[in-house]
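Working notes for the structure below.
The values are calculated or read from the model by the stated rules, or taken from the named source; none is laboratory data. None of the values given here were measured: they were computed from a predicted structure. Heads up, the Cβs are rebuilt from the backbone with ideal geometry, glycines too, and the neighbour counts pull from every protein chain shown.
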Amino acid sequence: MLEIKNLHVDLEEEDKAILKGVDLCVEAGKVHAIMGPNGSGKSTLSYVLSGKDGYEVTAGTATLDGVDLLEMEPEERAAAGLFLAFQYPVEIPGVGNMTFLRTAVNAQRKARGQEEMSATDFLKLIREKAKDLKIDADMLKRPVNVGFSGGEKKRNEILQMAMLEPKMCILDETDSGLDVDAMKLVADGVNALRGQGRGFLVITHYQRLLDHIVPDVVHIMSDGRIIKSGGPELALEVEQNGYADIIAEVA
Amino acid sequence: MALPDVKQNATQARLAAMEMPQSGVWAKAAREDAVSRLISMGLPHRRDEYWKFTRPDTLVQPEGPQAALYDTSDEPEMFGAVDRLKIVFVDGVFDAEQSDDLALEGVTIDRLSEAGRADIHWAKDLYGLLEQRGQTPVARPLATLNTAMAGDGLLIHVTGKAPKPLHLIYQHRATTSDAMLHHVIKLEKDAELTLLESGPVAARFNTVLETEIADGATLHHVRKQGRHHECHVATHVFARLGEESSFKSFTLTANGVMTRNEMVIELTGDDAIAHVAGAAMGDGDFHQDDTVFITHDAERCESRQVFKKVLRNGATGVFQGKILVEPGAQKTDGYQISQALLLDGDSQFLAKPELEIYADDVACSHGSTSGAIDEDALFYLRARGVPHGLATDLLTIAFLAEAVDEVEDEILRADILDRLEGWLARRRG
């Protein structure tokens, strides 16, 4: 499903290499986790895949179901089925959460040549999904993420994911800023979306999120490359011994 | 100080090109007084400090510029969702055919062109008077010219709570029309009126609204300007407020090669409230200027100015806003914000916020900002599948919404937001 080959990326402004040959393949229906120390390039990978400005791809490819992602605008990538759950969801004063979601859902449907969802159907769907994530009517009415707590912001990300039903989800440090209960709520939301041929790439510093979202494959990223891949046990190894041992072992 | 030749000549040339409307005793006196005041102050010149950011040339010159007609038939009727009394002017001339009967409970409405010919009328005590009071400390000669020459307008006397809004609908039919309207609204104690205005009066137009708002009275004013791009516009609102009275005014401006909106408000009774707001959307050779002067001359009054402009493709927005707090106007609460969203590097926002305070127990705050679109918000929207153009427009509306929110009536507010969305959608294509 998501196939990344030999991806090299520079930061545009600093002319500095961040990704130095990433190879990764997430199959349909599988959950892959990427772990790694600060500055290893995990978040850069998520931004490059979703199309944020400021990065230059110097080599390599990234495709979703065989379609070149890197040539597309961010909105085209989203319509093609890619979703990034932001590490820091953006506050947008003046744009109601509900308006935002309805605009996004319908823009994607339009881009895919589907009919727009009626207001009634949309309302019914969002109420149902919001309930599972304990998002109340007030949060739906408020401007996007404005005045939301850290946990509310992350739950709002998962709500968007549930409404947009992407093929491939990237979760960028979704556990950051969450207490245990909030993390469990978010993980339940993600687990409810597992299967159905949907791929996940879960980026995290810590093993604890992976207790709740159990991955099929764990990758360790360091200095812009994936240096080791394995099963869920690899995450436990990191938790016990830190990254230094693995980095030393590979070097 | 003698007037410079250039001003004297320009003023004489303009006056020579016009004819004073036929008037009875009271109106004639007011008009002649205005002519002599105008001759001594002179029409605005681009070197005047008050016209530093806006060139007055096209508003001043004897010959009015032409303006192509703009087809707005693809839009729903403005304020169409509101039950209102419609009064139509075509190129600045009252059109009885298209207007409703000028009858509304608690309100009497006369036309200046008729009442002005009589020898006596209640408006005698107001017509040109608030305009004249508004000439200090800064001269507003275009308003004086209007007092002298306005061909038509409405004299509205409100004695109770008007059961529905008055809607002044201006239609532009001739590419060369050059019109002046002068309205006077007198609200008696505890009276209430909502005044709606929409459309361009003419290819070039100059309008004045003088309003006296007595103790406990309320005037709501909501105005739509645009989208007729080529019209040249100068408007003045002069409001004087009594005790516990309230004046709330909102203007939506879209398109327009030249628009100068001046608001002059005097808070003369304790506990009065004045809110003025504007949302403007400019593209290309767009120039829009909000000039506001609010004087606090009583205790515990509240004033609020909220102006927002979205500019692109070389458009220019201007804001000159002043709060003057006279000695003794204690417990004044003054607020002023002007902000521009610049969608590209070619557009500009020129702002001159001013506070002048002579009382020692007041709270006044002001702020002015201009900035580009929030790239993080834009990316967030796009990452959810919202195309670039639509995402920009969503953020544009969000930005303007803070000014639109100043409109209290929900139906009117929704009408304005719908209109903005419609304009943006058409522009996106």
**Fill in**
Across the stretch B:233-248, the tally of residues that are in contact with an Asp or Glu (Cβ under 9 Å, 6 or more places away or on another chain) and buried (at least 24 other Cβ atoms within 10 Å of the Cβ) stands at 8
**Message:** Go through (1) more than 12 Å from chain B (Cβ to nearest Cβ); (2) modelled with pLDDT of 95 or more for A:T120 and report which single condition fails.
**Reply:** (2)
**Every pair of residues 6+ apart whose Cβ atoms lie under 8 Å, when the first sits in the stretch B:170-186 and is under 10 Å from B:G92 (Cβ atoms) while the second is among the basic types (K, R)** = B:S177/B:R204; B:D178/B:R204; B:A179/B:R204
**Prompt:** When you go through (1) at pLDDT 95 or above; (2) surrounded by 15 or more Cβ atoms within 10 Å (Cβ to Cβ); (3) more than 23 Å from B:R227 (Cβ to Cβ) one by one for B:L59, which number turns out not to apply?
**Reply:** (3)
**Prompt:** Taking interchain pairs and intrachain pairs at least six residues apart, which have beta carbon atoms under 7 angstrom, with the first residue in the stretch A:97-120 and within 18 Å of B:A377 (Cβ to Cβ) and the second at pLDDT below 95 and part of a loop (DSSP other than H, G, I, E, B)?
**Reply:** A:N97/A:R142
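Taking the stretch B:68-113 as the search range and keeping residues that are of a type in the set (V, I, T) and over 23 Å from B:A150 (Cβ atoms), which one is modelled with the lowest pLDDT?
B:T72
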**Prompt:** Here are some residues: B:L130, B:L102, B:L142. Which one is within 27 Å of B:P76 (Cβ to Cβ) and in contact with a strand residue (DSSP E or B) (Cβ under 7 Å, 6 or more places away or on another chain)?
**Reply:** B:L102
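Condition check ((1) hydroxyl-bearing (S, T, Y); (2) more than 14 Å from chain A (Cβ to nearest Cβ)) across all residues:
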| position | (1), (2) |
| --- | --- |
| B:G328 | no, yes |
| B:Y335 | yes, yes |
| B:Y358 | yes, yes |
| B:T369 | yes, no |
| B:H388 | no, no |
| B:A391 | no, no |
| B:A398 | no, no |
| B:A414 | no, no |
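Filter the stretch B:342-380 for residues that are of a type in the set (K, R) and in contact with a Pro (Cβ under 8 Å, 6 or more places away or on another chain) and give the result.
Within the stretch B:342-380, none qualify.
Answer with yes or no whether B:D270 is surrounded by 24 or more Cβ atoms within 10 Å (Cβ to Cβ) and of a type in the set (D, E, K, R).
Criteria not met by B:D270.
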**Asked** From the list B:F399, B:F379, which one is under 30 Å from A:S46 (Cα atoms), touching a residue at least 60 places away in the same chain (Cβ under 8 Å) and among the aromatic types (F, W, Y)?
**Response** B:F399
**Request:** Filter the helices (runs of 4 or more DSSP H) completely within the stretch A:164-251 down to those with at least 2 residues that are among the β-branched types (V, I, T).
**Result:** A:180-193, A:233-250
**Prompt:** Among all residue pairs at least 6 apart or on different chains, which show Cβ distances below 7 Å where the first residue, located in the stretch A:163-184, is away from chain B (no Cβ under 14 Å) and touching a residue at least 24 places away in the same chain (Cβ under 8 Å) and the second is among the β-branched types (V, I, T) and crowded, with 22+ Cβ neighbours inside 10 Å?
**Reply:** A:E173/A:I203; A:E173/A:T204; A:T174/A:V186; A:D175/A:T204; A:L178/A:V186
**Message:** Checking the condition within 22 Å of the chain's Cα centre (by Cα), closer than 13 Å to B:Q171 by Cβ and surrounded by 12 or more Cβ atoms within 10 Å (Cβ to Cβ), which residue from B:V82, B:V88 passes?
**Reply:** B:V88
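Yes/no per residue for (1) more than 17 Å from B:N146 (Cβ to Cβ); (2) in contact with a helix residue (DSSP H, G or I) (Cβ under 7 Å, 6 or more places away or on another chain); (3) of a type outside the set (A, V, I, L, M, F, W, C):
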site	(1), (2), (3)
B:Q12	yes, no, yes
B:R31	no, yes, yes
B:R37	no, yes, yes
B:S40	no, no, yes
B:R47	yes, no, yes
B:Q61	no, no, yes
**Complete:** So, first residue within 17 Å of B:K52 (Cα to Cα) in the stretch B:340-351, second residue in a loop (DSSP other than H, G, I, E, B), Cβ within less than 7 Å, six or more apart or across chains; the pairs are B:L350/B:F53
**Request:** Consider B:A179 carefully, then state whether it is assigned to a strand (DSSP E or B), within 21 Å of B:G317 (Cβ to Cβ) and aliphatic (A, V, I, L, M).
**Result:** no
**Message:** With the requirement that a residue be buried (at least 23 other Cβ atoms within 10 Å of the Cβ) and either within 21 Å of B:R140 (Cα to Cα) or in contact with a helix residue (DSSP H, G or I) (Cβ under 8 Å, 6 or more places away or on another chain) (or both), what does the stretch B:213-224 give you?
**Reply:** B:V222
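Here's a check for you: in the stretch A:74-85, which residue that is in contact with a helix residue (DSSP H, G or I) (Cβ under 8 Å, 6 or more places away or on another chain) and more than 7 Å from chain B (Cβ to nearest Cβ) is nearest to A:V202 (Cα to Cα)?
Checking each candidate, the answer is A:A85.
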**Asked** Which condition does B:L104 not pass, out of (1) closer than 24 Å to B:V35 by Cβ; (2) hydrophobic (A, V, I, L, M, F, W, C); (3) crowded, with 20+ Cβ neighbours inside 10 Å, if it passes all the others?
**Response** (1)
**Any strands (runs of 3 or more DSSP E) falling wholly within the stretch B:328-409 and containing at least 1 residues that are surrounded by 21 or more Cβ atoms within 10 Å (Cβ to Cβ) and within 27 Å of the chain's Cα centre (by Cα)** = B:333-342, B:348-357
**Request:** Would you confirm whether any residue within the stretch A:198-210 is touching a residue at least 40 places away in the same chain (Cβ under 8 Å), farther than 21 Å from A:K5 by Cα, over 16 Å from the mean Cα position of the chain (by Cα) and surrounded by 16 or more Cβ atoms within 10 Å (Cβ to Cβ)?
**Result:** yes
**Message:** Please pick out the residue among A:R112, A:R127 that is modelled with pLDDT under 95 and within 14 Å of chain B (Cβ to nearest Cβ).
**Reply:** A:R112
**Message:** Could you check the stretch A:143-159 and list, in sequence order, the residues that are buried (at least 17 other Cβ atoms within 10 Å of the Cβ) and either part of a loop (DSSP other than H, G, I, E, B) or not charged (D, E, K, R) (or both)?
**Reply:** A:P143, A:V144, A:N145, A:F148, A:G151, A:N156, A:I158, A:L159
**Complete:** In the stretch B:36-47, residues that are part of a loop (DSSP other than H, G, I, E, B) and touching a residue at least 60 places away in the same chain (Cβ under 8 Å) total 3
